[in-house]
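Laboratory data are not the source of any read-out in this text; all were calculated from the coordinates shown. Computed from a predicted model, the values in this text were never measured in an experiment. FYI the Cβ positions are ideal-geometry reconstructions off the backbone, even for glycines, and counts take in every protein chain you see.
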Amino acid sequence: MSYLALARKWRPQKFEDVIGQEHITLSLKNAIISGRTTHAYLFAGPRGTGKTTTARILAKALNCQREDKSMHPCNECNSCLEITCGSCLDALEIDGASNRGIDEIRELRERVKFAPASLKNKVYIIDEIHMLTEPAFNALLKTLEEPPPYVVFIFATTNPHKVPLTILSRCQRFDFKKISNQKIIQALELITKEENINMDYSALSLISQAATGSLRDAQTILDQLISYKKTDITKEDVLFLSGRVSFENLINISKAISSQDKVSCLNQINEVYYNGIDLEQLAFDLLRFYKDLYFIKISSSLSEILEVSENELDTLLEESQNYSLDYLRNIIEYLKKLHSNLKETDHSKLILELGIIDLIDLKDKVPITQILNRLKEVEENFRENREKGSSFSIEEEYDNFASSEEISSLEIIPSLNLSEVKKGWDLLLERVKKKKASLKACLREGEILEINNETIVLGFQESFSSKIVEKKENIEIIEEEIKGVYNQELKLKIAIQKKNNIRKEDTANLNYSLLLDSEPIIKETLNVFGGQIIKVNKK
Ligand SMILES: [Zn+2]
């Protein structure tokens with residue numbers, strides 16, 4: 001006895017048995033029961049999702065001889081049986097890819113004119129309708145515009161956007177969805193049970209992942225596994241046959257990368273390599289793995305769209321803690337290039353090993369675009385501050401930059417400049433007055449000298465007022481109000497000045513300026529940014 005492929009053996013014969021397309025089969029069933037069927041249907045959607053299967057069920061339901069319409073198709077009457085075995089001349093399946101020309105469609109138009117021989121309705125199922133040529137579509141359109149009452153067209157396509165609008169507008173359209181992994185697993189579970197095949201859940205899960213939403217693909221893989229090994233099919237068998245890398249391997253490689261363990265990383269790759277797995281596949285599986293990790297890092301709510309089991313999801317969530325979002329993004333960009341490089345080389349092991357080492361080193365690297373963006377910001381800050389005439393410290397900006405772990409998430413809290421501090425000062429005095437009127441009177445004698453390192457330096461001539469302001473409890477009151485006015489935690493430093501004294505610091509700054517001005521590198525930097533030295537911070 002010849003072996004019947006599972007996809008054929010297990011092809012659904014009733015609307016209720018079509019998996020994952022309940023939104024479609026329910027409408028069709030209701031249309032049959034209420035007698036509200038139409039002359040042209042378009043079934044659009046990915047391959048292996050049940051389009052032609054549903055079309056055949058619909059063909060039977062439209063012709064079923066059973067009185068009770070809710071039973072359509074009954075799969076028992078002559079009409080149903082004839083259509084099921086494919087011997088019926090009134091229910092024809094045409095492959096649009098190989099019958100795409102005007103002549104074939106003209107012939108079809110001629111045949112359409114004859115009333116059905118045995119069925120109630122003549123049903124034409126045209127698969128891959130988008131493959132028809134333009135003249136063929138035009139010829140078809142004429143029939144669609146004035147169809148004989150007994151004709152029903154069911155068009156199926158994986159590319160509905162390639163079907164002309166004139167055709168689309170005359171069809172009732174149904175969009176088939178990719179079938180979820182869970183539903184594929186359930187369908188496979190049923191088949192393996194009925195076929196007496198021992199298979200654990202993780203093996204079924206792997207098949208469903210490889211099938212990417214197509215039940216037919218899943219059944220084909222299962223077919224291959226059965227002919228490779230009659231029963232007791234394990235996860236390893238699926239991996240071996242599909243040539244995919246196991247989740248354990250991927251997570252081990254990831255752990256080696258995140259912990260920057262180059263030795264372990266290379267050992268892992270060797271293990272995969274000597275297990276006979278194609279290294280291009282490894283790069284692709286790594287890419288998919290890091291995509292999952294990246295999505296989970298963006299939001300754990302995205303886990304629903306990932307093709308992973310619950311256990312794997314937990315492991316991924318844990319592993320994502322070892323990466324920053326930027327690092328993951330960089331890894332993905334790098335793996336994309338690595339994957340395409342591997343296609344063009346005869347030295348895939350060498351390229352992959354070096355590539356993985358690069359991935360580890362990527363951790364400390366910041367992409368050039370981010371550096372350029374940051375430099376632009378620094379430059380803009382610099383210009384702005386210079387225009388406002390306040391002090392600006394490149395060194396400080398650089399320190400912020402270098403110490404920021406995640407450049408993309410680095411938000412520069414705009415540091416206050418002197419004029420901004422001065423702008424808010426009257427408001428501050430008013431607020432201090434409400435707390436302690438006498439303190440305000442003393443405080444107003446001070447002059448704001450600078451704002452630096454989150455400290456406002458307030459200069460006073462040595463006086464009674466300066467002594468009042470300097471008191472700890474008063475400083476605390478002022479700092480509290482500063483926070484209210486400037487929305488920032490700033491310290492207040494009181495500098496007591498004696499009249500006509502130039503501060504030592506100013507002299508030092510002046511000397512440094514002269515010194516640095518003569519340094520070529522500084523000159524070049526000033527040139528690039530169009531800057532000038534305003535202040536030098538000592539190390
Ligand atoms: Zn029937």
Note, Ile125: beta-carbon cut-off 13 Å, +1 each Lys/Arg, -1 each Asp/Glu, net -1
How long is the range 418-501 along each principal axis, judged by its Cα atoms, biggest number first, in Å?
34, 27, 20
So how tilted is helix 51-63 from the main axis of the chain? Cα-based, degrees 0 to 90, rounded to 10.
40 degrees
Give the dimensionless ratio obtained when the Cα radius of gyration of the range 1-77 is divided by 2.2 N^0.38 Å.
1.14
In debye to the nearest 20, the charge dipole size for the chain, taken about the Cα centre with +1 at each Lys and Arg Cβ and -1 at each Asp and Glu Cβ, equals 1620 debye
What do you get for GluC sites (Glu not before Pro) in the range 168-262 restricted to DSSP loop and a cutoff of at most 15 other Cβ within 10 Å of the site's Cβ?
Glu195
From the gyration tensor of the Cα coordinates in the chain, what semi-axes in whole Å does the equivalent ellipsoid have, largest first, with each one equal to sqrt(5λ)?
74, 31, 23
So, how do all the Cα-to-Cα distances of the range 181-242 break down into 10 Å bins, in percent, from 0 on up?
26, 66, 9
Where does the Debye-calculated log10 I(q)/I(0) of the range 186-334 sit at q = 0.12 Å⁻¹, using only Cα point scatterers of equal weight, no solvent?
-0.55
Along the principal axes of its C-alpha atoms, what lengths does the range 282-359 span, in descending order and rounded to whole Å?
40, 23, 15
What list do you get for His39, His23 if you sort them by fewest beta carbons within 10 Å?
His23, His39
As a test of the formula, what do you get for the chain when each DSSP H run with n ≥ 4 contributes -39,500 (n - 2.57) and the sum is divided by the residue count, at 222 nm and rounded to the nearest 500 deg cm²/dmol?
-17500 deg cm²/dmol
Candidate cut points under trypsin sites (Lys or Arg not before Pro) in the range 102-199, DSSP loop plus at most 10 other Cβ atoms within 10 Å of their own Cβ, are Lys113
Environment charge of Arg444, counting only residues whose C-beta is closer than 12 Å and scoring Lys/Arg +1, Asp/Glu -1:
-2
Violating pairs (Cα-Cα greater than 26 angstrom) within the set Lys436/Lys472; Lys29/Lys162; Lys14/Lys162; Lys183/Lys229:
Lys29/Lys162; Lys14/Lys162
What's the extension gain from Glu430 to Ser27 if we count 0.36 nm per residue and subtract their Cα-Cα distance?
137.9 nm
If you place +1 on the Cβ of every Lys and Arg, -1 on the Cβ of every Asp and Glu, and leave all else neutral, what size is the dipole of the range 108-223 about its Cα centre, to the nearest 20 Debye?
580 debye
Grab the beta carbon distance between Tyr201 and Gln488, set R0 = 60 Å, and tell me the FRET efficiency rounded to 0.05.
0.60
Report, to two decimal places, the Cα Rg of the range 416-464 normalised by 2.2 N^0.38 Å (N = number of residues).
1.16
If you bin the C-alpha pair distances of the range 92-192 every 5 Å from 0, what whole percents do you get?
2, 11, 21, 21, 15, 10, 8, 6, 6, 1
Over the Cα atoms of the range 39-103, what Rg and Dmax result, in angstrom?
13.4, 41
How much of the DSSP beta bridge set in the chain is antiparallel, as a percent to the nearest 5?
15 percent
Rounded to two decimals, the Rg over Rh value of the range 6-175 from Cα coordinates and the Kirkwood Rh reads 0.94
Under 5 Å, built H, 5+ apart or other chain: amide partners of Phe155:
Tyr41, Leu42, Phe43, Ile126
If each K or R counts +1 and each D or E counts -1, the residues other than Ser246 whose Cβ falls under 11 Å of its Cβ total -3
